[in-house]
Structures are given as structure tokens and as C-alpha cells.
Amino acid sequence: MKVYGYVRVSSRDQNEDRQLIAMRNVNVPESNLYVDKVSGKDFDRPMYLKMVETLEKDDILYIKSIDRLGRNYNEIVDQWQYLTRVKQVDIAVLDMPLLDTRRGKDLLGTFLSDIVLQVLSFVAENERANIRSRQKEGIEAAKARGVRFGRPVMSMPDDFEAICISFEKGEITAEEAARKCGCSRSTFFSRVARMKEG
């Protein structure tokens, strides 16, 4: 029996220290800690997949909270069942003592654990949906205030119209026109199209 810990944060600038401290508190060896800095939307994560390959029957896997395992309801439940029933690994969720497969291995214990897992998995996915919704609302509110997203629009030289006319007449090539405007060919064509529309 070996002890493992899985830690996940959603992005590279998030800090995993809180989870690492929790793993040290339950004596997970440093060599058995697997850390991913990716979204929890699915289980296609390099360190998670490497850890799953390493896990063997009767090993113990610690995670800080169920949303660190993932944020997709169906996939969390599928992974939990794969780890506990196929790989025959015990899982302990530190923030939720009811989710510890070492306790209550009888039918009632398994039933209660499954119910808690399903509720928490639903909450994790729901929170992910709420985050996306809040982001969308924030972007819409920013746009309403006049905030622009994406690259700033490149300004064209004062003689842009004259350059376009020379290009249209075949006096200069697209490459020359783009060079005179200080932009790429695609940007030049895009601005020509916008000028024609306007």
C-alpha cells in the first residue's frame, strides 16, 4: 500500500501551496505528489494520467476537495468508480470526511459515499457553469462601458487611400502596399475591404 496525493489548480498563476500543505499533513511523500496546472473540465491532464498509471490495488489517493479532482459531473463520477472499483484504490477527500472509501466498506457506507459524491460532483460542475456565466456577464458589462477586447485596431497612414488607389490601378503590388502601410498583406486587404464597406 502506497500513499499518493493529487493537486490541481486551474492556471499557472494560481497557487497550489494550500493543497500541498494539506498533503504533507497526511504524510504524502513528495515523490508521490502529482500536480496539474490545468482546467478541471476533463481528465486529459498529464500528471493525473501518469498518476493513474502508477496507482495499484489498496493504494490511498488523497485530494483536498472534490473540485480539485474535476468539475465535470459525469466524468468525476466515472473516474471515482474507475479508481475505486477497477483500480481498487482508496480515495480520501480531505475537506469532506464522508468521502473516504476506507470507511464503511459495507453496502450502507458505499451507498452514502456514492450519494455524497454525486451531490458534490454536481456542485463542482455547477460552480464551473456559474464561473463561465459570470465571465460572460462581466465581458458584456465591460463592452457596454466601451471596453474593447482583442488587439487594438492598427492605424493606417494618412495616404492610405492613395496607396489603395495605386494598388487598385496595378501600379504597386499588394506586398508594396502593405509595406507602405506598415502592416501585413492580410491586414492591408482587411482594411481595404473595410474602407469599401464604409
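The values are calculated or read from the model by the stated rules, or taken from the named source; none is laboratory data. Since this is a predicted model, take the numbers as computed values, not measurements. Using ideal geometry, Cβ is built from the backbone for each residue, glycine included, and neighbour counts are taken over all protein chains shown.
Remarks
- Flag for ASN25 being over 27 Å from GLU127 (Cα atoms) and crowded, with 17+ Cβ neighbours inside 10 Å: no
- Helices (runs of 4 or more DSSP H) completely within the stretch 31-83 that count 2 or more residues being in contact with a strand residue (DSSP E or B) (Cβ under 8 Å, 6 or more places away or on another chain) and crowded, with 16+ Cβ neighbours inside 10 Å: 46-54, 66-69
- Hey, ASP95 in contact with a Lys or Arg (Cβ under 7 Å, 6 or more places away or on another chain), closer than 29 Å to ALA129 by Cβ and either of a type in the set (D, E, K, R) or without any contact (Cβ under 8 Å) to a residue 40 or more places away in the chain (or both) or not: yes
- Residue that is modelled with the lowest pLDDT, among those in the stretch 86-105 that are closer than 18 Å to ASN74 by Cβ and not in a strand (DSSP E or B): LEU99
- Filter result for VAL7 (more than 24 Å from ARG103 (Cα to Cα), among the β-branched types (Val, Ile, Thr) and in the same structural domain as ARG102 (by TED's automatic domain parsing)): no
- Candidates in the stretch 19-56 are the residues that are of a type in the set (Lys, Arg) and within 25 Å of VAL77 (Cβ to Cβ); of these, the one that is modelled with the highest pLDDT is LYS50.
- Qualifying positions in the stretch 1-22 - of a type outside the set (Gly, Ala, Ser) and either surrounded by fewer than 16 Cβ atoms within 10 Å (Cβ to Cβ) or assigned to a loop (DSSP other than H, G, I, E, B) (or both): MET1, LYS2, ARG12, ASP13, GLN14, ASN15, GLU16, ASP17, ARG18, ILE21
- Condition met for ARG132 (basic (Lys, Arg) and either at pLDDT 80 or above or within 25 Å of ARG24 (Cα to Cα) (or both)): no
- Filter pass, LEU108 being at pLDDT 90 or above and in a helix (DSSP H, G or I): no
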